[in-house]
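The values are calculated or read from the model by the stated rules, or taken from the named source; none is laboratory data. Everything numeric in this text was worked out from a predicted model, so none of it was measured. Positions of Cβ are generated from backbone atoms using ideal geometry, with glycine treated the same way; all protein chains shown enter the neighbour counts.
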Amino acid sequence: MSEHTVGVVADDLTGAGDCVVQFARAGWTSHLALGRDLPSAERAAVAVVTDARAQDDALAAAATAAAVRALTDAGRLYVKIDSTMRGSVAAQVTGALTAWRERVPGAFAVVCPSYPALGRTVSEGVLLVGGVPVAATAAGHDPVTPVRTSDLTALLPGSVRVPADGDAAALADRLTEASAAADVVVVDALDDAGLERLADAVVLLGARGVPVGSAGLAAALAPRWGGDRAAPGRPRVAVRRTLVVLSSLNEVSRGQAEELLRAEPGTLLVTPEAGTGPDEAAARALGAATEPPATVLVRTPEPTAPAGTGRERATRAAAELADLVAAVTERTRPHAVVLIGGDGARAVLARLGARSVRVAGAVAEGVPLGRLEGGPAHGTVVVTKAGGFGTRRTVVDVLESLRSYSSHQEVNP
């Protein structure tokens, strides 16, 4: 293992991008891998997507373990989970520890999903979103992976909670003592200072302490694990045509799409059509225009009936969208593609044949940016955003930020 390589294992694609961009900000060469051929580079952070969030426990544990084993060069491991604890988090942690212990006997998980910049905090073992227990927020009735309780020790059976007071050395000692009784230790963080102290403690633990959290803890750890803030290579881009792809069924992202259509009335809306192939649907929507619109929004239609489980609906929606997006991309040649929702982002990037995304920065908190590597859309700027966060104007603001850059400016946070 190389201490200069970090492996990030994430349960969905948008979360993987949101996490690995924290390493890019700290000067790491950062990649979001989309296939089995993992990018390799000295002082690199490589994120692997497991798609484990909505899987059952057995599949989620196996997928996470396989991802950890694939990161053979990683000297450090970061397990990226949903900041609202949606999905098979406990099984993901189990799978990660099973595989990591093959290299580091006695490893244990240090869990803190706090992300204060997005309103996620942990107080006395309770996960809060905007100060409200997570089960009482939109995450509590998520259409695919609802969160039924806000107590982290209940969401992670067999875990114990450790007080977060004192300095980093004392916290590291308490974490080590707790690991003798439990494989999983939960820690509070009410603000960025709390995450900084926890990151210092994780560094003291070495490879034996496996951090599990959202992009918040990753941001605190990235500069402490290495990196080079003077590293060059952030992309230069002029964005005039943008393709926005909405696959998320979350009510937050649906509202963002509505706001985009209201704020930018020239946006062309394209949706899959029953009984119509993707090429025909794209041609019909775009018409005979010689110049593509500045903004095209491709989105899943509003669900009309609860056919199948939430996961089945999301999978179908992603599959239906990917071919249509490929057809629209071929006709419009967008300078940037904005992908909202993890399932759809995964399906679209696979359909476009990309091998990886070279992550470079962010256009907003929780909205990473990079360039596609491989496939017919190689070099296209890509932005990813999870479906369940942000204000109604988040997507509009992202597009305005993209357009504000000229070909002589760097795409930077």
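A few points about this structure:
- Of the residues making up the stretch 30-63, those that are buried (at least 22 other Cβ atoms within 10 Å of the Cβ) and not aliphatic (A, V, I, L, M) are Ser30, His31, Thr50, Arg53.
- Checking Thr72 against (1) out of contact with any Phe, Trp or Tyr (no Cβ under 9 Å at 6 or more places or on another chain); (2) part of a helix (DSSP H, G or I); (3) within 16 Å of Thr5 (Cβ to Cβ), the condition it does not meet: (2)
- Index of the failed condition, Val144 passing every other in (1) under 19 Å from Val252 (Cβ atoms); (2) crowded, with 23+ Cβ neighbours inside 10 Å; (3) in contact (Cβ under 8 Å) with a residue 60 or more places away in the chain: (2)
- Verdict on Gly35 being out of contact with any helix residue (DSSP H, G or I) (no Cβ under 8 Å at 6 or more places or on another chain) and more than 22 Å from Glu196 (Cβ to Cβ): yes
- Matching residues in the stretch 104-118 - criterion: being more than 21 Å from Glu177 (Cα to Cα) and either modelled with pLDDT of 95 or more or buried (at least 18 other Cβ atoms within 10 Å of the Cβ) (or both): Pro113, Ser114, Tyr115, Pro116, Leu118
- Listed conditions (1) touching a residue at least 12 places away in the same chain (Cβ under 8 Å); (2) more than 24 Å from Val367 (Cα to Cα) are all met by Val48, apart from (2).
- Complete set of residues in the stretch 272-295 that are hydroxyl-bearing (Ser, Thr, Tyr) and modelled with pLDDT under 85: Thr290
- Thr242 meets the stated requirement of being touching a His at 6+ places or on another chain (Cβ under 8 Å) and at pLDDT 90 or above.
- Out of Leu127, Leu97, one residue alone is in contact (Cβ under 8 Å) with a residue 12 or more places away in the chain, under 25 Å from Asp200 (Cα atoms) and not in a helix (DSSP H, G or I). It is Leu127.
- Matching option when the condition is modelled with pLDDT of 95 or more and part of a helix (DSSP H, G or I), among Val210, Val203: Val203
- Residue in the stretch 168-190 that is within 25 Å of Arg76 (Cβ to Cβ), among the charged types (D, E, K, R) and touching a residue at least 40 places away in the same chain (Cβ under 8 Å) present: yes
Residue-wise test of (1) modelled with pLDDT of 90 or more; (2) in the same structural domain as Thr84 (by TED's automatic domain parsing); (3) outside any helix (DSSP H, G or I).
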| position | (1), (2), (3) |
| --- | --- |
| Leu297 | yes, no, yes |
| Ala319 | no, no, no |
| Val325 | yes, no, no |
| Gly370 | yes, no, yes |
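- Check on Val134, in contact (Cβ under 8 Å) with a residue 40 or more places away in the chain and crowded, with 24+ Cβ neighbours inside 10 Å: yes
- Selection status of Glu177, within 30 Å of Thr14 (Cβ to Cβ) and part of a helix (DSSP H, G or I): no
- Hits in the stretch 136-158 - residues which are within 20 Å of Gly216 (Cα to Cα), out of contact with any helix residue (DSSP H, G or I) (no Cβ under 7 Å at 6 or more places or on another chain) and not in a loop (DSSP other than H, G, I, E, B): Ala139, Asp151, Leu152, Thr153
- Exactly one residue among Thr98, Thr84 is polar (S, T, N, Q) and buried (at least 18 other Cβ atoms within 10 Å of the Cβ), and that residue is Thr84.
- Qualifying residue in the stretch 268-283 (condition: within 19 Å of Leu402 (Cα to Cα) and not acidic (Asp, Glu)): yes
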